[in-house]
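Asks: Once you've had a glance at the structure underneath, I'll fire off some questions.
Taken together, the values in this text are just the output of simple stated rules run on the coordinates, not laboratory data. From a predicted model like this one, the values you see are computed outputs, not experimental measurements. We place every Cβ from the backbone using ideal geometry, glycine too, and count neighbours over all the protein chains shown.
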Amino acid sequence: MTVPISPRHDETFVLNLGPQHPATHGVLRVKLTMDGEYIVKAEPVLGYIHRMHEKMAEAGTFAQFMPNTARMDYLHALAFNHGWALVVEKAAGIEVPPRAEYIRVITVELNRIHSHLLWWAANLLDLGAFTPLLYAFDDREQVIDLLERVTGSRLTYSYMRFGGVLNDIDEDFIAGTRAFLVRLRERMPVFYHDLVTSNIIFIKRVKDIGIITPEMCRRYGVTGPVARGSGINYDVRKDEPYSVYPHFDFDVPVFHECDSMARYMVRVQEMEQSMRIIEQALDALPDGPIMAKVPKMLKPEAGYYYSAVETARGLLGHRLVCNGDKNPYKLKLRSPTFSNLSLFGEVTQGMLLADALAFLGSLDLVIPEIDR
Amino acid sequence: MERYEKTRSALSPLFPSGHESEAVGTEESEADSSPQQRLPGVVVTEYSRTGSHLDVVCLPDQLMAVAGVLEDEGFFLESIAGVDWLEQGQLEIIYDFNLLGGDQCRVMVRTFVDRSEPVVPTLTGIFPAADWHERETFDFYGLHFQGHPDLTRILLPEDADYHPLLKDFMP
């Protein structure tokens, strides 16, 4: 007996995506109200890896919080190191020697390349392409080895200190980094662009998917490659210069298509810009100390301090309130993907589920950084 | 004219007595960044030292008007932070506003409420970004954002009965 099935559009069901789902890259859960294959409403549910880093900051001294910073955005941990070091140095009035700032920029940019490589691989994996992951991980491994040499860790770095960095870089690191740049530039056109960027299957999956208008970026406080894929020329390294970034000549890739493809292009081109920064920094690396003379116990003046850095995912802000004591009175971490993800519900309305996953990948989420 | 001066003049009609508090700010520059509560008004802060250009202190009732002016000026809401001043018996809410490119201008808007009655108006009607940030502040401090469409816990478990960033919270 067969019963004819007619589609009914007044009937919706709830689909639970995550918290354990390969496409969410971590423990993100999305509660989806579906009408067939189409999303009626999407509500991200956060907090599965919430660790209350802000309370830990208040409980310890300024220096004791440094290892925590790397455990939020584990893919661009050095930028989180950098942001925390900068805000405390601002509060305590510490001058950092130029060599230390150059080393910071070199390592942060290497880390940014690593983060974008991993995003590239994981995003394509979401779309069903397995091979690119093998190429990207091969390159990523080189960066991790280089960073392990100077920082002692492979992923969760605690390399920066207030007033400088832990270890100096040596000739081997410099030679290795230069060799890596040559290697990535050779491989980029073949393994990245020929294989993926111009691949029709890939383009069909991401073009015109997940439109984020510039106005939407402003209303939701979206920053980083997501905003730059929507035609917003905003990069903290250029617009609110910190560290020694003003010394370097680099471009900010901006695309106006507002779709997932535009965000892809921004990140791929940012790798080249990071390579340019590293090259210039290596060429102009000044001699001198890598640490300033800093008292063992910091007690910054009471007051309100803010410092912003550009991580691979956007603007990371530290709002620090001091009361003259040896530990932070209050630290608020403004993580970029927390704001970037908040527009997910609005963008995915009426979207096909498969497209929503392609869109989710293009946001480049790191869940511990959202949940903190 | 620098962008922060333009923003300051746009905000100053909201604070009729603002000029007096501004005079206080310039006389005692130390008072600018002290965590003590001061009279409502707009004060220019030294960016290289504090990381923000303007420090706006307002009453909770003025919050919507301040946010409305900043929305018209093209700002985006960067973050919302709570601060528990246990000794003073007050909760402070810090809103950070910033510009997406072009000029540099970060505006810190602060407001104070009694710990016994932690209620402020929601900004979700002006900035959708406020939605999650306010839920987070509610989660950590128990601050009630009046008019928020869905003021539920966001990072802590939904059945939690505590607000861990309050200074008198004992796990």
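Asks: Inside 10 Å of the C-beta atoms of A:50-62, what's the mean count of C-beta atoms belonging to other chains?
Replies: Counting other chains' Cβ atoms within 10 Å and averaging over A:50-62 gives 2.
Asks: Averaging the inverse of every distinct alpha carbon separation and then flipping it gives the Kirkwood radius. What is it for the protein assembly as shown, in angstrom units?
Replies: Details: mean 1/r = 0.0414 Å⁻¹.
That comes to 24.1 Å for the protein assembly as shown.
Asks: Return the subset of A:Lys31/A:Lys207; A:Lys238/A:Lys296; A:Lys90/B:Lys167 for which the Cα-Cα distance in this structure is over 27 Å, preserving the input order. Each step should come with its number before you reach the end.
Replies: Numbers: A:Lys31/A:Lys207 25 Å; A:Lys238/A:Lys296 33 Å; A:Lys90/B:Lys167 25 Å.
Correct reply: A:Lys238/A:Lys296.
Asks: What are the ³J(HN,Hα) values, in whole Hz, obtained from phi via the Karplus relation 6.51 cos²θ - 1.76 cosθ + 1.60 with θ = phi - 60°, for each residue of the stretch A:179-190 in sequence order, with x given for Gly and Pro?
Replies: Whole-Hz 3J(HN,Hα) from phi for the stretch A:179-190: 5, 5, 4, 4, 5, 5, 5, 5, 7, 3, x, 7.
Asks: Any chance you could give the angle, 0 to 90 degrees and rounded to 10, that helix A:98-126 forms with the longest Cα principal axis of chain A?
Replies: 10 degrees
Asks: Next question. Could you give the size of the charge dipole of the stretch A:249-372 about its Cα centre, using +1 on the Cβ of each K and R and -1 on the Cβ of each D and E, expressed in debye and rounded to the nearest 20? Don't skip to the end; give the middle numbers.
Replies: Numbers: 13 positive and 17 negative charges, 201 e Å.
Charge dipole, the stretch A:249-372, about its Cα centre: 960 debye, nearest 20.
Asks: Assuming a viscosity of 1.306 mPa s and a temperature of 10 °C, what translational diffusion coefficient in µm² per second does Stokes-Einstein assign to the stretch A:51-335, Rh being the Kirkwood radius over Cα pairs?
Replies: On the way: Rh = 19.6 Å.
For the chosen part, D equals 81 µm²/s.
Asks: Something else about it: To the nearest 20 debye, what charge dipole does chain A have about its Cα centre, counting +1 at the Cβ of each Lys and Arg and -1 at the Cβ of each Asp and Glu?
Replies: Details: 40 positive and 46 negative charges, 203 e Å.
Value, rounded to 20: 980 debye.
Asks: Right, something else. What share of all Cα pairs of chain B, in percent, falls into each consecutive 10 Å distance bin?
Replies: Per 10 Å bin, starting at 0, the Cα pair percentages come out as 10, 39, 35, 14, 2, 0.
Asks: Right, something else. Report, in degrees rounded to the nearest 10, the 0 to 90 angle that the Cα long axis of helix B:130-141 makes with the longest principal axis of chain B.
Replies: 60 degrees
Asks: Further, regarding this structure: About its Cα centre, what dipole magnitude does the stretch A:293-350 give when the only charges are +1 on Lys and Arg Cβ and -1 on Asp and Glu Cβ, stated in debye to the nearest 20?
Replies: On the way: 9 positive and 4 negative charges, 77 e Å.
It comes to approximately 360 debye.
Asks: Continuing with the same structure: Before rounding to the nearest 500, sum -39500 (n - 2.57) across all DSSP H runs of length at least 4 in chain A and divide by the residue total; then give [θ] at 222 nm in deg cm²/dmol. Show your work: numbers first, answer last.
Replies: On the way: 15 runs with 166 residues, N = 372.
Computed mean residue ellipticity for chain A: -13500 deg cm²/dmol.
Asks: Ok, one more. Quick one: compute a quarter of the convex hull surface over the Cα atoms of the stretch A:9-106 and quote it in nm². Write down the numbers at each step before the final one.
Replies: Numbers: hull surface 37.0 nm².
Computed as one quarter of the Cα hull surface, the answer is 9.2 nm².
Asks: Would you work out the Kirkwood radius for the stretch A:266-314? I mean one over the mean of 1/r across all pairs of different Cα atoms, in Å. Don't skip to the end; give the middle numbers.
Replies: On the way: mean 1/r = 0.0665 Å⁻¹.
Evaluated on the stretch A:266-314, it is 15.0 Å.
Asks: Angle, helix A:77-92 long axis vs. longest principal axis of chain A, Cα atoms, 0 to 90°, nearest 10?
Replies: The two axes meet at around 50 degrees.
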